[in-house]
Amino acid sequence: MTAVKTLGQFIIEKQADFPYAKGELSRLLRDIGIAAKIVNREVNKAGLVDILGDAGTMNVQGEGQKKLDVYANEQFISALRSGGECCVVASEENDECVYIESEISKNAKYIVAIDPLDGSSNIDVNVAIGTIFSIYRRQSSEGKPRISDVLQKGREQVAAGYVIYGSSTMLVYTTGKGVNGFTLDPSIGEFCLSHPNMRIPKDGKIYSINEGNYVHFPQGVKDYIKYCQEENADSGRPYTSRYTGSMVADIHRNLIKGGIFLYPVSSAYPKGKLRLVYECNPMAFILEQAGGVATDGVNRILDIVPDHLHQRSAIFLGSQNMVAKLSEFLTASGLTSYRIDKVISAP
Ligand code: P6P
């Protein structure tokens with residue numbers, strides 16, 4: 001019986017990976033873990049408490065905010081505010097950045113970008129939802145943090161992770177030295193290491209895309225979908241189509257089993273639907289650290305310079321060989337697509 005290793009123990013143990021760290025990042029990750037447990041408690045009883053249904057407010061995306069969205073946002077911001085290690089929170093649920101200007105945070109050096117409850121349209125139908133977070137070190141040296149501290153390239157992230165509230169609740173994160181997964185044990189109220197050193201298979205047989213938008217997809221994406229659907233025993237095709245409409249759930253499954261997640265541009269979302277700063281970048285960092293690839297079709301996601309906080313991006317990420325095959329179709333259709341051989345392979 002191997003000893004249980006909690007998230008807290010693991011974070012402290014790995015702190016040695018950062019010789020100059022004085023514990024701030026460790027405490028920041030701990031604060032996020034605590035908020036995740038609080039949100040998990042409410043997610044698990046959402047069907048029982050009058051916490052469902054629209055809160056009547058709209059977020060910056062013009063989407064109806066469900067009460068659980070609002071609650072989760074408040075919990076993460078509150079945990080980050082009281083933890084003292086974060087100076088700015090950029091949240092999907094807030095039009096503008098939330099600057100943390102408390103006495104305890106006056107020397108805080110970290111920026112957190114977060115989608116507090118992604119996939120919230122699935123709350124009412126009991127499909128897995130998630131939290132996605134991204135952590136940067138502030139670049140400005142003094143005074144009020146600048147928006148440039150928030151709009152950094154994804155490759156500047158010092159950590160990224162997600163929480164999936166599903167059949168079990170897991171927290172998966174990276175600090176740039178591989179990916180590790182922790183499952184919440186409700187009997188002790190701790191996230192325990194359950195998936196050490198997660199690696200996505202180089203190949204897979206699952207493709208995840210909302211095929212309802214097929215007619216609006218770029219030709220190369222249409223061609224790739226048809227490739228996935230062809231009968232070819234040698235390559236295990238037709239592949240399996242799996243799509244829940246919850247980015248965290250779809251990517252978590254593909255990370256474990258191998259697969260590709262695609263959200264191309266469409267007529268409804270000419271720049272893509274998913275948000276670069278707090279959805280695409282953290283997921284791209286995690287997938288690359290697990291040996292996968294993440295691109296918008298032309299650029300490596302982590303190399304894109306964000307223009308504004310709620311900027312959207314097309315995204316194709318997952319198993320290297322599947323993204324490479326997609327890129328062949330994008331190139332054949334005339335797009336100067338991203339070349340997988342440029343990918344920085346994870347350790
Ligand atoms: P569609 C949920 O609203 C979300 O932001 C992601 O979690 C998910 O992958 C995507 O949008 C689903 O979008 O257009 O397929 O419903």
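Inside segment 96-119, can you point out the residues that are surrounded by 24 or more Cβ atoms within 10 Å (Cβ to Cβ) and within 16 Å of the ligand (Cβ to nearest atom)?
Result: Ala113, Ile114, Asp115, Pro116, Leu117, Asp118.
Find all pairs meeting these conditions: Cβ atoms under 8 angstrom apart; at least six residues apart or on different chains; first residue within segment 72-88 and assigned by TED's automatic domain parsing to the domain that holds Ile132 and at positive phi; second residue basic (Lys, Arg) and surrounded by fewer than 21 Cβ atoms within 10 Å (Cβ to Cβ).
Note: pairs meeting the criteria are Gly84/Arg27.
With respect to Gly189, is the statement that it is at pLDDT 95 or above and either surrounded by fewer than 16 Cβ atoms within 10 Å (Cβ to Cβ) or farther than 23 Å from Gly291 by Cβ (or both) true?
In short, no.
With the requirement that a residue be open to solvent by less than 60 Å² (accessible area, probe 1.4 Å) and either touching a Lys or Arg at 6+ places or on another chain (Cβ under 8 Å) or of a type in the set (Val, Ile, Thr) (or both), what does segment 132-171 give you?
Listed by number, the residues that qualify are Ile132, Ile135, Arg138, Ser140, Pro145, Asp149, Val150, Val158, Val163, Ile164, Thr169.
Could you list, in sequence order, all residues of segment 215-244 that are open to solvent by 40 Å² or more (accessible area, probe 1.4 Å), at pLDDT 95 or above and within 16 Å of the ligand (Cβ to nearest atom)?
Ser241, Arg242, Tyr243, Thr244, listed by residue number.
Please find, within segment 83-95, the residue that is nearest to Arg138 (Cα to Cα) out of those that are among the charged types (D, E, K, R) and within 15 Å of the ligand (Cβ to nearest atom).
Selected residue: Glu92.
So if I check each of His308, His252, which one is within 12 Å of the ligand (Cβ to nearest atom) and either of a type outside the set (A, V, I, L, M, F, W, C) or in the same structural domain as Ala160 (by TED's automatic domain parsing) (or both)?
His252
If you go through segment 114-128 one residue at a time, do you hit one that is among the small types (Gly, Ala, Ser) and under 30 Å from Lys22 (Cα atoms)?
Looking for residues that are among the small types (Gly, Ala, Ser) and under 30 Å from Lys22 (Cα atoms), one finds none in segment 114-128, hence no.
What number of residues within segment 238-255 satisfy the criterion of being in contact (Cβ under 8 Å) with a residue 24 or more places away in the chain and more than 15 Å from the chain's Cα centre (by Cα)?
So the answer is 6.
Filter segment 91-110 for residues that are out of contact with any Pro (no Cβ under 8 Å at 6 or more places or on another chain) and outside any loop (DSSP other than H, G, I, E, B) and give the result.
Once the filter is applied, which keeps residues that are out of contact with any Pro (no Cβ under 8 Å at 6 or more places or on another chain) and outside any loop (DSSP other than H, G, I, E, B), segment 91-110 yields Val98, Glu103, Ile104, Ser105, Tyr110.
So Leu80 ticks every box in (1) away from the ligand (no atom under 14 Å from the Cβ); (2) open to solvent by 40 Å² or more (accessible area, probe 1.4 Å) but one. Which box is left unticked?
The single condition Leu80 does not satisfy is (2).
Identify the residue in segment 151-192 that is of a type in the set (Phe, Trp, Tyr) and out of contact with any Ser or Thr (no Cβ under 7 Å at 6 or more places or on another chain) and, among all such residues, is nearest to Ile135 (Cα to Cα).
Ranking the candidates gives Tyr173 first.
The values are calculated or read from the model by the stated rules, or taken from the named source; none is laboratory data. If you're wondering where the values come from, they're calculated on a predicted model, not measured in any experiment. Glycine also receives a Cβ, built like all others from the backbone with ideal geometry; neighbour counts cover every protein chain displayed. When the accessible area is computed, the model is the full protein with side chains, heavy atoms only, and any ligands, DNA or RNA have been set aside. Shrake-Rupley method; radii C 1.70, N 1.55, O 1.52, S 1.80 Å.
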